[in-house]
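Below is one structure; the comments refer to it alone.
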Amino acid sequence: MSHRIAAKITGVSGYVPPKVMSNADFEKIVDTNDEWIRTRTGIRERHVVEKGKASSHLATEAAKVLLAQTRTNPGDIDLIIVASVTPDMLFPATACLVQCRIGAQRAWGFDLSAACSGFSYALTVGAQFVGAGTHKKVMVIGSDTMTTILDYQDRATCVLFGDGAGAVLLEPAADPNEGILDFEHDVDGSGGEFLYMPGGGSLHPSTKETVEKRMHYVHQEGSQVFKYAVRRMADMSAHLLERNGFTNLRIIRATQARLGVDDSKVMVNIDKYGNTTAATIPLGLCDAVAQGRLRKGDLVLIVTVGAGYTTGGLLLRWAY
């Protein structure tokens, strides 16, 4: 049985910091080169936050653009959910900082941590409040500044990530044929050892020793993450499509094999952003709309895998 929510996306925005770091820039600081990075990741460049700016600043900019595009009064926002694994600080929540800066006086909010699956999780959570009839306008933001926690001595990992933010506005969907048609999420905690940041929490509070041991950087076993992500994304994609009657066998089999649907139906922007973690999905939606590849009535499949492991999938009918 599908899990339809009477909520729809009525606007999407994105923001990336102006500074760009190309593959050629990495050649100056780590043993790598442009060809190695491009052939293995598809990344050409990524945006890097400037000193003194953090995830809340990127989230705020994306939120301001969203408000302007949808002609929404900040005072009408009921709830702000920020998905991030790189909050400005442990507390207060990034959502509180954004709420203050955009003047959303009536809104409450909180942060959600699910790494690369953060936005899909936050989208489902926000949609529940709208679908329940208790909230009219919910802002969901994915914002991460991963470059602030990268070890630039780890050449296999440091080239993968960039900084950015994206936001969507959720509102009630009266038409049962539009909005969020279904969702599915799960976690596999046994994968936690393959992608994590060991320092800075209550287990390993910040000390001189944790800094010297480089415990405040991303630690990743790339091959393990890759294998899990490909398998779970394919399985979840096929399951969501099949459960909702979209049983095109060619699409499902191709998805199961390598998420191998036709290029025209896949949004790829990792070449210019890198992996922006929680910002990846909203930035992709924003680009798809800007390029005319996403129109009202289109069927959209969102599937993510992140540290945890976390997996998130949503099937929705684009509403504007």
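Miscellaneous remarks
- Candidates 46, 214, 101: whichever shows maximal mean-square fluctuation once the chain is modelled as a Gaussian network with Cα springs under 10 Å: 214
- Relative contact order of the range 26-174, defined on C-alpha pairs under 8 angstrom at six or more residues apart (%): 30
- 10 Å binning of all Cα-Cα separations within the range 152-225, expressed as whole percents from 0 upward: 13, 28, 28, 18, 11, 2
- Label zone (residue 76, point 7 Å along Cα-to-C-beta; backbone nitrogen cut-off 18 Å) within the range 152-188: 168-175.
- Across the range 1-134, the convex hull enclosing all Cα atoms gives 155 Å³ per residue.
- The calculated P(r) of the range 49-125, using every Cα pair and 5 Å bins from 0, goes 3, 16, 26, 26, 20, 8, 1 in percent.
- Simple spin-label estimate for residue 320 and residue 193 in nanometres, 7 Å along Cα-Cβ: 4.7
- GNM top mover of 56, 22, 206 - the chain, alpha-carbon springs below 10 Å: 206
- Rg [Å, one decimal], Dmax [Å, integer] - the chain, C-alpha atoms: 19.0, 57
- Reachable aspartates and glutamates, given that their alpha-carbon falls under 16 Å from the alpha-carbon of residue 51 and they are not under 8 places away in the same chain: 88, 144, 163
- At an R0 of 35 angstrom, the distance between the Cβ atoms of residue 300 and residue 31 translates into a FRET efficiency of 0.30.
- Taking 13 Å as the cut-off, the amide N atoms of the range 107-123 that come nearer than this to a point 7 Å along the Cα-to-beta-carbon line of residue 3 belong to 120-123.
- Residue 100/residue 22 FRET efficiency (R0 41 Å; Cβ-Cβ; nearest 0.05): 0.70
- Counting only residues at least eight positions apart within a chain, or on another chain, the aspartates and glutamates with an alpha carbon under 17 Å from that of residue 265 are 287, 298.
- Residue with peak Gaussian network fluctuation, the chain [Cα springs, cutoff 10 Å], from 75, 11, 142: 75
- Among the helices of the chain, those built from whole DSSP H runs whose Cα atoms reach 20 Å or more along their own axis and whose mean Kyte-Doolittle hydropathy is at least -1.0 are 55-70, 222-243.
- Carbon + sulfur, % of accessible area of the chain - ligands and nucleic acids excluded, 1.4 Å: 53
- Value of [θ]222 nm, deg cm²/dmol, for the chain, DSSP H segments ≥ 4, -39500 (n - 2.57) each, nearest 500: -9500 deg cm²/dmol
- The orientation-averaged projected area of the convex hull spanned by the Cα atoms of the range 85-125 comes to 3.1 nm².
- The range 63-147: chymotrypsin sites (Phe, Trp or Tyr not before Pro) in DSSP loop, at most 15 other beta carbons within 10 Å: none
- Here the gap between residue 134 and residue 90, fully extended at 0.36 nm per residue and compared with their Cα-Cα distance, gives a gain of 13.0 nm.
- Residues of the range 1-23 with an amide N closer than 20 Å to a point placed 7 Å from the Cα of residue 174 along the Cα-to-Cβ direction: 5-11.
- Sparsely packed loop sites in the range 174-244 (the chymotrypsin sites (Phe, Trp or Tyr not before Pro) outside DSSP H, G, I, E and B with at most 15 other Cβ atoms within 10 Å) do not occur.
- All lysines inside 28 Å of residue 53 as judged from Cα atoms, apart from same-chain residues fewer than 8 positions distant: 19, 28, 64, 137, 208, 213, 272
The values are calculated or read from the model by the stated rules, or taken from the named source; none is laboratory data. A quick note: this is a predicted structure, and the numbers were derived from the prediction, not measured. Cβ sites come from the backbone with ideal geometry, for glycine too, and all protein chains shown count toward neighbours. Heads up: the accessible areas ignore ligands, DNA and RNA and are worked out on the full protein's heavy atoms, side chains in. Shrake-Rupley method; radii C 1.70, N 1.55, O 1.52, S 1.80 Å.
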